[in-house]
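To start, the structure itself, in structure tokens.
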Amino acid sequence: MSEVWKPSVTVAAVIERDGRFLLVEEETSDGIRFNQPAGHLDPNESLIEAVARETMEETAHEFSATAMVGVYMSRYISARTNKEVTYLRFAFCGQVGAQHDRPLDEGILRAVWMTREEMLACESKHRSPLVLRCVDDYLAGQRAPLSLIYTHPSVIGAISG
């Protein structure tokens, strides 16, 4: 029996305030890049919990998702492993909350607020082509209710039976 192919599931926060978007500048195997606060879904957490956690870890800001902007799939060749990687990204928008005095995740250089025009000017430094696409979908008003996402209790608790 052949191995089942599985994409890497990630979450991203599209956070806008006064026409600027909260991004992170981070060190990657491809050099310094810009991305939304984003990261991998961890075991025992919902997508909503994951995006709040990643935003806190990468920007020190609280985040409360209010809608899903979209679900995106992309793939690339990893510079580190030279293997093909496929990502399934769930992007959310919502409310940014308090900023905490805490260190940012390893590899995160800083959190920065940028306009779409500033983002476009540094597009070659984006972590993924999905960074600008998520912002453009957000600006176009694309939203899906969080009620479309269901997390069975077994995901965040003990598995019965």
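The values are calculated or read from the model by the stated rules, or taken from the named source; none is laboratory data. Just so it is clear, the model here is predicted, and its values are computed rather than measured. Cβ placement follows ideal geometry from the backbone for every residue including glycine, while neighbour counts extend to all protein chains displayed. For the accessible areas, the whole protein counts, side chains as well, though only heavy atoms, and no ligand, DNA or RNA atoms are used. Shrake-Rupley method; radii C 1.70, N 1.55, O 1.52, S 1.80 Å.
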Members of segment 1-17 found to be surrounded by 15 or more Cβ atoms within 10 Å (Cβ to Cβ) and part of a strand (DSSP E or B), listed by number: 10, 11, 12, 13, 14, 16
Selection within segment 24-59 - under 12 Å from the mean Cα position of the chain (by Cα), farther than 18 Å from residue 151 by Cβ and of a type in the set (A, V, I, L, M): 24, 38, 56
Of residues in segment 75-89 being in a loop (DSSP other than H, G, I, E, B) and not polar (S, T, N, Q), the one least open to solvent (accessible area, probe 1.4 Å): 79
Test: residue in segment 133-146 that is modelled with pLDDT under 95, open to solvent by 80 Å² or more (accessible area, probe 1.4 Å) and part of a loop (DSSP other than H, G, I, E, B): no
Subset of segment 18-39 (residues that are within 21 Å of residue 65 (Cβ to Cβ), out of contact with any Leu (no Cβ under 7 Å at 6 or more places or on another chain) and not in a loop (DSSP other than H, G, I, E, B)): 20, 21, 22, 23, 24, 38, 39
Pairs where the first residue, in segment 34-56, is over 16 Å from residue 95 (Cβ atoms) and the second is assigned to a loop (DSSP other than H, G, I, E, B) and among the β-branched types (Val, Ile, Thr), C-beta under 6 Å, 6+ apart: 46/151; 47/149
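Rundown of residues vs (1) closer than 21 Å to residue 135 by Cβ; (2) of a type outside the set (Asp, Glu); (3) modelled with pLDDT of 95 or more, yes/no style:
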position	(1), (2), (3)
20	yes, yes, yes
23	yes, yes, yes
32	yes, yes, yes
75	yes, yes, no
96	yes, yes, yes
102	no, yes, yes
